[in-house]
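Notes follow the structure.
The values are calculated or read from the model by the stated rules, or taken from the named source; none is laboratory data. Everything numeric here is computed off the predicted structure, so don't read it as measured data. Here the Cβ is made from the backbone with ideal geometry for all residues, glycine too, and neighbour counts use every protein chain on show. Protein only, heavy atoms only, side chains kept; ligands, DNA and RNA dropped before computing areas. Shrake-Rupley method; radii C 1.70, N 1.55, O 1.52, S 1.80 Å.
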Amino acid sequence: MSEINPDTYLARYASRTRGMTASEIRALFAVAERPEIAFLAGGMPYTAALDLEAVAEVTQGVIAENGAWALQYGGGQGMPELREALVGVMAAEGIAAHPDDVVVTAGGQQGLDLVAKLFCDPGDLIVAEGPSYVGALGAFASYEADVVHVPMDDDGLDTDALEATLAQLAHDRRPVKFLYTIPNHQNPAGSSLSSRRRERVVQLAEQFDLIIVEDNPYGLLDFKGELRPALLSLAPERVIYIGTLSKILSPGLRVGWVAATESVRDKLVLLKEAADLCQSNLTQAVAQRWFATQPWQAQVETFRGVYRERCDAMLGELAASFPAECRWTQPTGGFFVWVRLPHGLDAKQLLAKALRARVAYVPGAAFYADGGGGEELRLSFCFPPPERIREGVRRLAEVVHDEIAFAHALFGDQE
Ligand SMILES: Cc1ncc(COP(=O)(O)O)c(C=O)c1O
């Protein structure tokens, strides 16, 4: 093939792609695949804990009984029997929905993409937790939306700060397209929105005429199986709900869904058809048969046990070996712990030293659209076994201790 000047393409890219770069997490994967690295960076579910024999049996059953159909195109909204099963998954979290409310998507990620595509023109505003899910920030950026962050604490989104932000934006006549929130075991912060604050978020949504996009991959992964009311249950007319099978079954199936009011749903089906015509019938059928024939709640319980043990290992080792000047969240479910370093330490700079010490994490800046998060970082406990997690935390603790000692030597005890 003849050579072409790379600028020939560059000059033609759409302006919305200008800010798009590989996420910090993705860039880390190349290094982190090395076996000597304790990988506390990725959010991969521990799929080895799946009953793989059962998955094989289910897949075989789909092909044997309905192969020609499963290998055909399907409808844009998704397979009705699967939508019924997904309503059952929502019911397990106390959410009442109807299969007609649901649009099946390629993971929750496509749900986020389609919702952003539906609502956002360049320069539009989205309010989101700070920090927030890196994949959502990427989807929002790809439609050139701007994100205003609202801080979090151990009870999730700070609703006083949310009120102040919404009031300020209203005062400035800057309309908000929607609030994006992950109320349960948030990625990356690991904290959950308290029940009292859920009520408050819904009140504020009424007061400020706000739409809420509720992203809920981790609700069923509460270590004690406790449930807090979904925002969708509290304000069905104001909430667009995004679910996924990635954390309770498999991310490889790429099955997620959006539950929304009829007008939104109809538009989402059109956008889904424009994006990829339809969800894979094959993986929808596998998922549907999984729920119809397998003890899926027992599988979720198995995952919960695995993640609970790993989280305990991480929290135990953080308490044992991390410097007292650091702070971290105490997750009660999900995959992540959020660590705040002492003032003046830079999580991005520290990463090179951590990698030399054979441990990987994600610097906090990846989870902010506004340049925040410099002194913060995310640790994930979902994938490595407990002993590896303890080893990784010990290695990182040494790096942080050294860095603090270095800062003290340079600057004394001044802040
Ligand atoms: C908060 C959140 N939303 C959405 C997703 C998307 O996951 P998937 O597309 O696999 O459903 C993830 C995955 O990590 C996530 O953490």
request  = Filter segment 102-112 for residues that are in a strand (DSSP E or B) and either out of contact with any strand residue (DSSP E or B) (no Cβ under 6 Å at 6 or more places or on another chain) or among the polar types (S, T, N, Q) (or both) and give the result.
outcome  = T105
remark   = Residues of segment 89-101 being in a helix (DSSP H, G or I), in contact with a helix residue (DSSP H, G or I) (Cβ under 7 Å, 6 or more places away or on another chain) and farther than 18 Å from N184 by Cβ, in sequence order, are P99, D101
remark   = Of the residues in segment 272-284 that are in contact (Cβ under 8 Å) with a residue 60 or more places away in the chain, within 16 Å of the ligand (Cβ to nearest atom) and not small (G, A, S), the one that is nearest to G61 (Cα to Cα) is Q284
request  = Considering (1) more than 12 Å from the ligand (Cβ to nearest atom); (2) open to solvent by 20 Å² or more (accessible area, probe 1.4 Å); (3) of a type in the set (A, V, I, L, M, F, W, C), say which one A106 fails and leave the rest.
outcome  = (1)
task = Report whether or not D158 is open to solvent by 30 Å² or more (accessible area, probe 1.4 Å) and free of Cβ contacts under 8 Å to residues at least 24 places away in the same chain.
result = yes
ask   = Within segment 227-267, which residues are within 14 Å of the ligand (Cβ to nearest atom), open to solvent by 20 Å² or more (accessible area, probe 1.4 Å) and farther than 20 Å from T302 by Cα?
value = R254
inquiry  = Let me confirm something: among E391, E415, E325, E317, which residue is of a type in the set (D, E, K, R), modelled with pLDDT of 95 or more and either assigned to a loop (DSSP other than H, G, I, E, B) or surrounded by fewer than 19 Cβ atoms within 10 Å (Cβ to Cβ) (or both)?
reply    = E391
key: The listed residue being part of a strand (DSSP E or B), acidic (D, E) and in contact (Cβ under 8 Å) with a residue 40 or more places away in the chain, out of E81, E129   = E129
task = For A139, state whether it is within 17 Å of the chain's Cα centre (by Cα) and free of Cβ contacts under 8 Å to residues at least 60 places away in the same chain.
result = yes
